[in-house]
Amino acid sequence: MAVVGAGPAGLLLSHLLTAAGVDCVVVEARSRAYVEARLRAGILEQPTVDLLRAAGVGERLDAQGLRHDGIHLQWPGERHRIDFPALTGRSVWVYGQTEVVKDLVAARLAAGAPLHFEVSDVAVHDVGTTSPRVSFTDAGGTARRLDADVVVGADGFHGICRPSIPAALARTWERGYPFAWLGVLAEVPPSTDELIYAWHPDGFALHSMRSPSISRLYVQVDATERIEDWPDERIWEALQTRLGLPGWTLGTGPVLEKSITGMRSFVSSPMRHGRLFLVGDAAHIVPPTGAKGLNLAVADVAVLAEALLEFFSSGSQTLLDGYEQRALDRVWRATHFSWWMTSMLHTSGDGFDARLQLAQLQQVVSSTAAATVLAENYTGLPHALVG
Ligand code: FAD
Ligand code: DHB
């Protein structure tokens with residue numbers, strides 16, 4: 001089997017297949033240092049954590065990850081807690097994507113399994129046949145070719161696998177948002193025990209974290225904003241205003257990194273073409289509100305791994321044939337949840353929209369039924385079940 005892309009999706013899938021004895025080669029365009037340092041998601045939902053543990057890569061997660069049993073939802077003057085275990089029996093973990101990737105790379109290298117970094121000219125061939133191929137140039141400049149039974153496109157939104165599906169067969173659904181997230185990583189202990197999602201007339205703000213000494217904070221900015229126009233003082237001021245509550249102050253510290261991330265919803269079908277299967281960001285993108293991107297990639301992998309294991313052990317394609325539908329049901333559930341959280345929390349539109357958002361927030365924090373819907377989605381529906 002050949003896997004294009006060593007992000008969380010490609011690494012986890014290859015880890016599961018290799019552990020079951022399936023020959024599997026991973027090719028990655030970037031360097032090991034680059035993929036291990038790429039700052040992205042920070043929240044793992046319960047089914048993701050369960051799968052990482054079952055796959056034998058949960059040791060550092062259990063030692064260093066922070067289990068969170070709730071989040072705070074806030075608007076000016078009010079902060080309310082949503083209690084996840086009470087509503088769903090599940091929790092989430094603060095453990096950065098960088099750490100998940102490091103753990104999976106380490107496991108793969110320790111097993112002596114093939115993982116080629118810094119490859120170029122990657123192309124997939126003959127995916128419509130039973131003997132597809134991947135060609136690439138390795139880090140040493142040698143042209144290589146992988147003959148496989150199956151090719152997995154885990155190469156993210158800008159990868160080459162999705163575009164290799166004939167355009168006449170492809171269908172996409174997309175929603176752009178007129179705002180973006182300016183994120184900072186700061187060397188300061190979090191000023192909160194659990195994440196704070198804050199609605200504010202100036203725009204959304206989120207207080208997250210990576211460890212007891214590192215905070216991760218985001219503010220909503222216009223989609224056209226440039227990072228150069230946001231000196232650190234301006235960012236801290238916006239965060240103080242939007243996250244502020246009487247009697248509560250936000251600690252500040254040195255900014256280690258800052259960047260602006262655009263937001264979109266995007267779903268592409270088919271997720272399978274012949275012997276090519278897409279997983280994770282290669283097939284879909286969600287806006288970050290609600291932290292579903294990485295978790296959705298892991299859910300695709302859970303479904304595809306089961307199907308591939310059946311295929312490689314018995315030759316049966318029944319589960320492979322069901323992959324797209326099983327994966328897409330969850331993709332659309334997460335797409336709806338991410339869109340809903342984004343729409344409820346970001347300033348956009350006029351005063352009428354703002355009143356609707358506040359009415360929705362009020363209902364989520366006061367109705368057990370509404371809070372349960374949020375908690376079920378946030379902590380992650382079990383991989384075998386999408387409701
Ligand atoms: P990726 O992590 O994108 O991995 C794809 C891999 O394929 C990469 O290593 C790439 O280098 C490689 N690749 C690409 N093209 C090729 C090629 N031609 N040949 C070989 N390799 C190739 N989600 C959240 O839940 N919370 C967040 O806060 C959050 N923040 C984000 C910030 C940014 C800037 C981005 C881009 C995404 C963010 N996400 C977030 C989403 C989350 O990080 C992704 O959903 C997750 O990384 C998906 O994993 P993946 O393995 O499918 O794709
Ligand atoms: C983080 C990102 C999210 O999108 C989110 O909803 C919560 C936390 C984070 O990067 O820590």
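Where a number appears in this text, it was derived from the coordinates with a stated rule and is not lab data. Quantities reported herein were computed from a predicted structural model and do not represent experimental measurements. Note: ideal-geometry Cβ built from the backbone for every residue, glycine included; neighbour counts use all protein chains shown.
Just check segment 21-65 against the gyration tensor rule for me: Cα atoms, a ≥ b ≥ c as the square roots of the eigenvalues, rounded for a/c under 1.5, and otherwise prolate or oblate depending on whether a/b exceeds b/c.
Details: a/c = 2.21, a/b = 1.22, b/c = 1.81.
Oblate.
If you average 1/r over all unlike Cα pairs in the chain and invert the result, what Kirkwood radius do you get in angstrom?
Working: mean 1/r = 0.0461 Å⁻¹.
Mean inverse Cα-Cα distance, inverted, gives 21.7 Å.
Can you check what the Kirkwood hydrodynamic radius comes to for segment 290-387, Cα pairs only, in Å to one decimal? All intermediate terms of the calculation are to be shown ahead of the outcome.
Numbers: mean 1/r = 0.0649 Å⁻¹.
One over the average 1/r among Cα pairs gives 15.4 Å for segment 290-387.
Name the residue farthest towards the positive end of the dipole of the chain from the options 56, 159, 173, assuming +1 on Cβ of Lys and Arg, -1 on Cβ of Asp and Glu, about the Cα centre.
173
Would you compute, for the Cα atoms of segment 293-337, the largest minus smallest coordinate along each principal axis and list the three values in descending order, in whole Å?
Dimensions of segment 293-337 along the principal axes of its Cα atoms: 37, 17, 7 Å.
Which one, 89, 139, 106, is farthest towards the positive end of the dipole of segment 64-141 when Lys and Arg carry +1 and Asp and Glu -1 on their Cβ?
89
So for segment 249-387, taking the charge dipole from beta-carbon charges (+1 Lys/Arg, -1 Asp/Glu), which of 373, 320, 273 sits furthest toward the positive end?
373
Output the DSSP H helices from the chain with an along-axis C-alpha extent of no less than 18 Å and a mean Kyte-Doolittle hydropathy no less than 0.0.
On the way: long enough: 97-110 (19 Å, 0.43); 293-314 (32 Å, 1.37); 318-345 (41 Å, -0.33); 351-366 (22 Å, 0.19).
Counting only whole DSSP H runs, the qualifying helices are 97-110, 293-314, 351-366.
Pairs of alpha-carbon atoms within less than 8 angstrom and 6+ residues apart define the contacts here; what relative contact order does the chain have, in percent? Spell out each step's value before the answer.
Numbers: 771 pairs, mean separation 77.2, N = 387.
The value is 20 percent.
Give me the orientation-averaged projected area of the Cα convex hull of segment 198-352, in nm², one decimal.
Details: hull surface 50.2 nm².
So the mean shadow area of the Cα hull is 12.6 nm².
Where nothing but the Cβ of Lys and Arg (+1) and of Asp and Glu (-1) is charged, how large is the charge dipole of segment 292-375 around its Cα centre, in debye to the nearest 20?
300 debye
Please report, in cubic angstrom per residue, the volume enclosed by the convex hull of the alpha-carbon atoms of segment 115-226. Please report the intermediate quantities before stating the final value.
Numbers: hull volume 24.0 nm³, N = 112.
Convex hull of Cα atoms, per residue: 214 Å³.
If the only charges are +1 at each Lys and Arg Cβ and -1 at each Asp and Glu Cβ, what is the size of the charge dipole of segment 269-341 around the Cα centre, to the nearest 20 debye?
In debye, rounded to 20, segment 269-341 gives about 140.
Can you give the % of DSSP beta bridges in the chain that are antiparallel, to the nearest 5?
Working: 56 of 70 bridges.
The antiparallel proportion sits near 80 percent.
What is the dipole size for the chain, taken about its Cα centre, with +1 at each Lys and Arg Cβ and -1 at each Asp and Glu Cβ, in debye to the nearest 20?
Details: 32 positive and 42 negative charges, 60 e Å.
About 280 debye.
Give me the orientation-averaged projected area of the Cα convex hull of segment 205-281, in nm², one decimal.
Working: hull surface 32.3 nm².
For the Cα atoms of segment 205-281, the hull's average projected area reads 8.1 nm².
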